[in-house]
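This report concerns only the one structure given below.
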Amino acid sequence: MDKALSFLGLCRRAGKLLIGEDGVSGAARSGQAVLLMVASDTADNTRKKAGNLSRWYGIPMITLPWDKDTLGELLDKRVCAILALTDKGLAAALQKKLSALPGRD
């Protein structure tokens, strides 16, 4: 498992990762979310909702290189399409790890 993916598990154990539309939407509205993330195979409707949250609340959004099943397995969920980090330091560290992945700029 690569470092960036395992880092998401660490963020969850630290209580800084929210999973699912309800939790992510609530964190965006309350100002807690600092980074929105969607799985690589997220449905268009969910991707649109995440994009709206990103625009409305000024939160950066990225598409992760993993699919819903891979994220769900890591995070002990059936599937996982949308996530949010609530810590700026962890969000910056994750983005750095993602940029180091092969094929990512």
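The conditions of being without any contact (Cβ under 8 Å) to a residue 24 or more places away in the chain, on the phi > 0 side of the Ramachandran plot and of a type in the set (D, E, K, R) are met by Asp76.
Between Thr46, Thr42, the distinction of being within 23 Å of Lys96 (Cβ to Cβ) and of a type in the set (S, T, N, Q) belongs to Thr42 only.
Among the conditions (1) open to solvent by 50 Å² or more (accessible area, probe 1.4 Å); (2) under 15 Å from Leu35 (Cα atoms), Lys77 misses just one, which is (2).
Counting the residues of region 74-105 that are out of contact with any helix residue (DSSP H, G or I) (no Cβ under 6 Å at 6 or more places or on another chain) and closer than 16 Å to Thr42 by Cβ gives 2.
The values are calculated or read from the model by the stated rules, or taken from the named source; none is laboratory data. All values derive from a computational prediction rather than experimental measurement. Don't worry about glycine lacking a Cβ; one is built from the backbone with ideal geometry, like all the others, and counts go over all protein chains shown. Side chains are part of the model used for accessible areas, which takes the heavy atoms of the whole protein and leaves out ligands, DNA and RNA. Shrake-Rupley method; radii C 1.70, N 1.55, O 1.52, S 1.80 Å.
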